[in-house]
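The values are calculated or read from the model by the stated rules, or taken from the named source; none is laboratory data. Please read these numbers as outputs of a predicted model, since none were measured by experiment. Glycine gets a Cβ as well: all are built from the backbone with ideal geometry, and neighbour counts include every protein chain shown. Heavy atoms of the whole protein, side chains included, go into the accessibility calculation; ligands, DNA and RNA do not. Shrake-Rupley method; radii C 1.70, N 1.55, O 1.52, S 1.80 Å.
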Amino acid sequence: SATSFFVGVILAYVHAFFFNASILAPMLKGWSVLFPEFKLIPYIDLYQVFVIFFLTVAPYVASTIIPSWKAAITDPDSVMRN
């Protein structure tokens, strides 16, 4: 999950700053073509990246890895009897 998060962040950075958000720009600007050239300045706020990472990866880990670990350490006999 951490690898996919960082790959997504890198691809979003490349899309926004190297390709000028060519997929999203028409949707954000609408039908008008009168907008002046708008160049984004690359800036990464590590606090925001950390918060997004925590809000996306932590629930995934909590819902998949922790239950599977708990099932792996629990005695099967005690689970079937309860």
Surrounded by 10 or more Cβ atoms within 10 Å (Cβ to Cβ) and modelled with pLDDT under 90: is that true of F18 in this structure? yes
Restricting attention to region 26-70, which residues are open to solvent by 70 Å² or more (accessible area, probe 1.4 Å), aliphatic (A, V, I, L, M) and closer than 16 Å to F5 by Cβ? I44, L46, I52, L55, I65
Does any residue in region 58-71 that is touching a residue at least 60 places away in the same chain (Cβ under 8 Å) come within less than 8 Å, Cβ to Cβ, of a residue that is surrounded by 10 or more Cβ atoms within 10 Å (Cβ to Cβ) and polar (S, T, N, Q) six or more places away or on a different chain, and which pairs are these? V61/S1
Would you check if I65 is at pLDDT 80 or above and either touching a Pro at 6+ places or on another chain (Cβ under 8 Å) or assigned to a helix (DSSP H, G or I) (or both)? yes
Subset of region 72-82 that is assigned to a helix (DSSP H, G or I) and modelled with pLDDT of 85 or more - its residue that is most open to solvent (accessible area, probe 1.4 Å): I73
What number of residues within region 21-36 are on the phi < 0 side of the Ramachandran plot, of a type outside the set (S, T, N, Q), part of a loop (DSSP other than H, G, I, E, B) and at pLDDT below 80? 5
